[in-house]
Structures are given as C-alpha cells and as structure tokens.
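Below is one structure, written out as structure tokens; comments come after it.
Every read-out reported here was derived from the displayed coordinates using simple, explicitly stated rules and does not represent laboratory data. Remember, predicted model here, so these are calculated numbers, not experimental data. Cβ: placed from backbone, ideal geometry, glycine included. Neighbour counts: every protein chain shown.
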Amino acid sequence: MEISLRAHVAVVMGSQSDWEVMQEATNILQTFEVPFWVDIVSAHRTPHKMFQFAQNAAKNGLKVIIAGAGGAAHLPGMIASLTTLPVIGVPIKSSNSIDGWDSVLSILQMPNGVPVATVALNAAQNAGLLAIQILAIADNDLALKLTDYKQKLQEKVHEQSQKIRAFFYS
C-alpha cells in the first residue's frame with residue numbers, strides 16, 4: 001500500500017458505500033489545501049491491509065487519520081489500537097445500521113488507552129475540520145486559514161440574522 005509522502009491526513013472508510021459521507025472530509029481538506037490520501041480499508045474484510053496501513057501510517061508521513069465506518073464500526077478503534085497518531089472516527093448511518101446509533105456507540109465507547117475522537121453521525125466535514133485544527137497547531141499558515149474560515153462563518157450567520165430580523169421587523 002503506497003501512501004504519498006506528501007499526504008498529512010488519511011481518509012479511510014470501511015466500504016464504497018461510505019464514500020458519499022466521507023467525501024465531505026476530502027472536500028474540506030481540499031478547501032484548506034491539506035494534502036490527503038483516501039482508500040477503502042475494511043476492518044472485517046481486509047484486516048491485513050488495515051493492520052499494515054495503521055502500523056505504517058506515521059512512518060509514511062501521515063499526521064492524522066480520519067476513519068469512517070457504519071454498522072459495527074470497528075475501523076476507527078482498530079486503527080487507533082495500532083498507531084500513536086490521532087484518529088478521528090466518523091460514524092456512518094449505513095443500510096444495515098440501527099439508525100446510526102450502532103455506529104456512534106461503537107466509535108464513542110472506546111476503552112481507556114485507545115482514544116478515538118468522534119464526530120456526529122455522518123459529520124465527515126467536521127472530522128476534516130478537526131484534522132485541520134490538529135495540523136494548525138504546528139502550521140501558522142493553516143491556522144490563519146482557519147481563522148479566516150471561522151470569521152466567514154460568523155459573517156454568514158450575521159447576514160442570515162439580519163435577513164430574518166428584516167423580514168419580521170421592517
């Protein structure tokens with residue numbers, strides 16, 4: 001498994017059906033020009049590939065791993081057990097899911113010693129933003145981009161607030 005030495009973030013998922021959700025993580029990483037690597041790495045169907053990926057992630061230059069999974073959602077926790085890199089889990093509501101709660105709880109309930117940061121159900125964009133925030137600790141340019149991004153969020157809400165107030169109070 002060849003990972004670009006330029007990639008800082010890996011975005012992995014348990015199956016092709018997870019891509020629709022996980023694509024949001026890659027979209028935000030592209031917006032911030034953060035190099036990433038994407039692949040399907042199933043904890044259940046390709047365990048040897050998952051072990052190889054996780055055990056070599058740091059050596060391959062990765063700094064953060066975003067792992068999305070539905071159903072039993074073992075991928076983020078299994079990866080976290082095999083690496084010292086931060087792992088961000090994205091629970092995915094899949095076709096065999098119990099409203100997504102099985103995925104949320106599988107990722108959220110990690111035992112002490114094997115932490116996985118967990119975002120909301122299907123919130124891959126937030127996983128991407130969290131990865132960017134982690135990287136920005138040591139990257140001033142990225143930190144400035146994050147500051148600008150958050151400022152634009154504030155401005156958008158302010159504009160929306162003005163529009164709704166104008167509708168009711170003008």
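Calculate the tail of P(r) for segment 123-170: the fraction of all Cα-Cα distances greater than 17 Å, expressed in %.
That tail contains 50 percent of the Cα-Cα pairs.
Just 145, 59, 93 to compare: in a GNM of the chain, with alpha carbon springs under 10 Å, which one fluctuates most?
Its mean-square fluctuation being the largest, the pick is 59.
As a test of the formula, what do you get for the chain when each DSSP H run with n ≥ 4 contributes -39,500 (n - 2.57) and the sum is divided by the residue count, at 222 nm and rounded to the nearest 500 deg cm²/dmol?
-15500 deg cm²/dmol, from helical runs alone.
For the chain, what ratio Rg/Rh do Cα atoms give with a Kirkwood hydrodynamic radius?
Dividing the radius of gyration by the Kirkwood radius yields 1.05.
Based on alpha-carbon centroids, what's the gap between segment 124-166 and segment 40-84 in Å, whole number please?
Using only Cα atoms to place each centre, the spacing works out to 28 Å.
Out of 111, 86, 35, any idea which swings most in a Gaussian network model of the chain, alpha carbons joined below 10 Å?
Ranking 111, 86, 35 by mean-square fluctuation puts 111 first.
For the charge dipole of segment 119-170, defined by +1 on Lys and Arg C-beta atoms and -1 on Asp and Glu C-beta atoms about the Cα centroid, which residue among 146, 166, 135 has the Cα displaced farthest towards the positive pole?
Of the listed residues, the answer is 166.
Per residue of segment 7-18, what does 6.51 cos²θ - 1.76 cosθ + 1.60 with θ = phi - 60° give for ³J(HN,Hα)? Whole Hz please, x for Gly and Pro, Karplus curve as stated.
Karplus-based 3J(HN,Hα) across segment 7-18 equals 5, 9, 10, 9, 10, 10, 9, x, 7, 4, 5, 7 Hz.
Compute the whole-percent fraction of alpha carbon pairs in segment 82-170 spaced more than 22 Å apart.
The proportion of pairs with Cα distances above 22 Å equals 51 percent.
Around residue 8, which amide H atoms from residues at least 5 apart in sequence, or from another chain, sit under 5 Å from its own amide H, with H modelled in the peptide plane?
36
Would you grab the residues whose amide H sits under 5 Å from the one on residue 118? Only those 5+ places off in sequence or on another chain, please, with H modelled 1.01 Å from N.
Hits under the 5 Å cutoff: 89.
Which residue, 79, 28, 98, has the most motion in a Gaussian network model of the chain that connects Cα atoms within less than 10 Å?
Ranking 79, 28, 98 by mean-square fluctuation puts 98 first.
Taking the chain as the reference, fit the longest principal axis to its C-alpha atoms, fit the long axis of helix 19-31 to the helix C-alpha atoms, and give the angle between the two in degrees, 0 to 90, nearest 10.
Result, in degrees: 60.
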